[in-house]
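The values are calculated or read from the model by the stated rules, or taken from the named source; none is laboratory data. All figures in this text were calculated on a predicted structure; none of them were measured in a lab. Methodologically, a virtual Cβ is constructed for each residue, glycine included, from the backbone with ideal geometry; neighbour enumeration extends over all protein chains shown. Just so you know, the surface numbers come from the protein's heavy atoms only, side chains and all, with ligands and any DNA or RNA stripped out. Shrake-Rupley method; radii C 1.70, N 1.55, O 1.52, S 1.80 Å.
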Amino acid sequence: MSQRLPEEWFIEDERTNAAIAWLFVAVIAVAGVGNFLAGELVTAVGAGVAVAVAAVPAWVERSWQRTTPWPLLALTVLPFALNAVGLPFLAEFVGGIAVATLALLVVVCLQLTTTVRMTPGFAVWFAVIATLGIAGIWAFGSWVSAQYLGTAFFETNTELMLFFLTTFVAGLVAAGVFVWYFRRRLRENARTRSTTRSVA
């Protein structure tokens, strides 16, 4: 996987995809407001970051249709939904995948707004490392919030370690999915170029 990561693998310019994507962005925003009102400030900040990252492609291109594929945003929404229905452990696991997905969205934003270019392999490992890094920041922010604002935090060290473990496993699962995705797209790229040369 040594080829560069083309932005069109993630950015879609289509009305249907854009409509679904903006619906998910709205859901994340509403969830963030709900978490803020409930005193879960760190989760609210995470939702705000997800909304901001998702909106960058449209803002850069000045087109509401210039959005990321809706499945990536669906992965970001899923943890909020699982937490809302009372499945926090599963929400933590899927949350790790959501963080990894968010990291890949950051890669897209970097490619759109800067001169940074990454290979698929580097993008995958960047997502894994970012998943662990954000998990640490999340835990620290939750601790600070609990100390000074009285919000909830892990009651035992075991719960904290379980949080890091589920996030790590989720990051690895997401990495495996991304590797499969990138390899499939690279094969399609090579096949398309081969067909074009044959026709020419």
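Listed values, structure above:
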quantity: Some residue of region 120-132 being under 29 Å from A58 (Cβ atoms), open to solvent by less than 30 Å² (accessible area, probe 1.4 Å), among the polar types (S, T, N, Q) and at pLDDT below 75; calculated: no
quantity: Among residues of region 20-49, those that are surrounded by fewer than 17 Cβ atoms within 10 Å (Cβ to Cβ) and not in a helix (DSSP H, G or I), counted; calculated: 2
quantity: Positions within region 134-174 being in a helix (DSSP H, G or I) and among the β-branched types (V, I, T), in sequence order; calculated: I134, I137, V144, T158, T166, T167, V169, V173
quantity: Single residue of region 158-200 satisfying the filter (polar (S, T, N, Q) and under 27 Å from the mean Cα position of the chain (by Cα)) that is modelled with the lowest pLDDT; calculated: N189
quantity: Whichever residue in region 4-19 is open to solvent by less than 60 Å² (accessible area, probe 1.4 Å) and either assigned to a loop (DSSP other than H, G, I, E, B) or touching a His at 6+ places or on another chain (Cβ under 8 Å) (or both) and, among such residues, is modelled with the highest pLDDT; calculated: I11
